[in-house]
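Visitor: Please find one structure pasted underneath; my questions will follow.
Readers should treat all values here as calculations from the given coordinates under stated rules, not as data from a laboratory. Values in this document were obtained by computation on a predicted structure and should not be read as measured data. Cβ coordinates were reconstructed from backbone atoms using ideal geometry, including for glycine residues, and neighbour counts include every protein chain displayed.
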Amino acid sequence: MRRSLFLLLTVIVISSAAWCKNIVVGSIQYLGTNVQGVSAFKVVLNTAGITESPITFDNMTLAEQGSKQSTGSITTPVEVLFLGGSNLRMPACPCRTVRVDLLLKGPESTFTFRLANGEWFTARRVNWSLLRPPRGEQFLLPGQSAPITLGSVPEPWEQRPTERLKQPSEFTESSYVLR
């Protein structure tokens with residue numbers, strides 16, 4: 001039973017990886033907490049060399065322990081410093097997990113843009129990335145960082161037909177005869 005469950009989960013993970021691509025557009029880093037009890041997080045978003053042009057986000061939010069702080073509209077490249085502590089919107093660390101939410105511009109559930117290599121990339125409008133403690137640790141460590149990614153949405157045209165479709169030049173007069 002366990003072996004069957006493991007095989008099923010492996011197939012699901014492999015097939016989902018085949019249909020979904022991610023691009024790294026930045027990073028989040030926990031800088032540490034100073035002697036006054038103020039914690040700092042640096043978020044860097046830079047799409048130079050990744051996308052054909054800068055990306056504008058409707059909003060970027062940092063969330064931890066139920067507290068959130070947002071930037072509003074931002075355009076890459078950008079660096080944002082989030083602070084936490086007494087009299088601030090975010091709590092001071094120790095922190096278990098910090099989440100960065102990116103909201104791409106527009107009313108649709110997806111957002112399409114061109115990558116630097118000329119390919120089109122369709123991303124989910126809402127993307128989130130996590131900064132978690134290293135294995136064996138309970139809390140985030142100063143200097144620790146994690147990538148910020150945008151996940152793709154598979155497009156219908158990326159699904160290949162099982163048999164080759166005929167091109168118009170391959171049709172002959174006998175193809176048009178009704179029987």
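Visitor: Pull out a ≥ b ≥ c, the square roots of the eigenvalues of the alpha-carbon gyration tensor of the stretch 21-155, then state rounded if a/c is under 1.5, prolate if not and a/b is larger than b/c, and oblate in the remaining case.
Guide: Prolate is the answer for the stretch 21-155, as a/c is 1.5 or above and a/b outweighs b/c.
Visitor: Can you give the % of DSSP beta bridges in the stretch 21-155 that are antiparallel, to the nearest 5?
Guide: 95 percent
Visitor: Check which residues have an amide H placed less than 5 Å from THR110's amide H, if you skip close sequence neighbours.
Guide: When sequence neighbours closer than 5 places are left aside, the close amide H contacts are ARG125.
Visitor: Pull up the DSSP beta bridges for the stretch 56-127 and report the antiparallel fraction as a percent, rounded to 5.
Guide: Of all bridge pairs located within the stretch 56-127, approximately 95 percent are antiparallel.
Visitor: Given the Cα-Cα distance of GLU52 and ASN34 and 0.36 nm per residue of separation, how much length would full extension add, in nm?
Guide: Using 0.36 nm per residue and subtracting the Cα-Cα distance, I get 2.6 nm.
Visitor: What does the charge count around PRO91 come to, taking other residues whose C-beta lies under 13 Å from its C-beta (Lys +1, Arg +1, Asp -1, Glu -1)?
Guide: +2
Visitor: Once the piece of chain linking ASN59 and ARG135 is laid out straight, how much longer is it, given 0.36 nm per residue of separation minus the C-alpha distance between them?
Guide: Result for the pair: 24.3 nm of gain on full extension.
Visitor: Residue-wise, which Karplus ³J(HN,Hα) couplings in Hz belong to the stretch 44-50, taking 6.51 cos²θ - 1.76 cosθ + 1.60, θ = phi - 60°, and x for glycine or proline?
Guide: Rounded to whole hertz, the list is 10, 10, 8, 9, 4, x, 10.
Visitor: Quick one: length gained pulling LEU83 to TRP120 fully straight, 0.36 nm per residue minus the C-alpha distance?
Guide: The LEU83-TRP120 span can extend by a further 9.7 nm.
Visitor: Continuing with the same structure: Can you check what the net charge comes to around PRO77, using other residues whose Cβ is under 15 Å from the Cβ of PRO77 (Lys, Arg +1; Asp, Glu -1)?
Guide: With Lys, Arg at +1 and Asp, Glu at -1, the net is -1.
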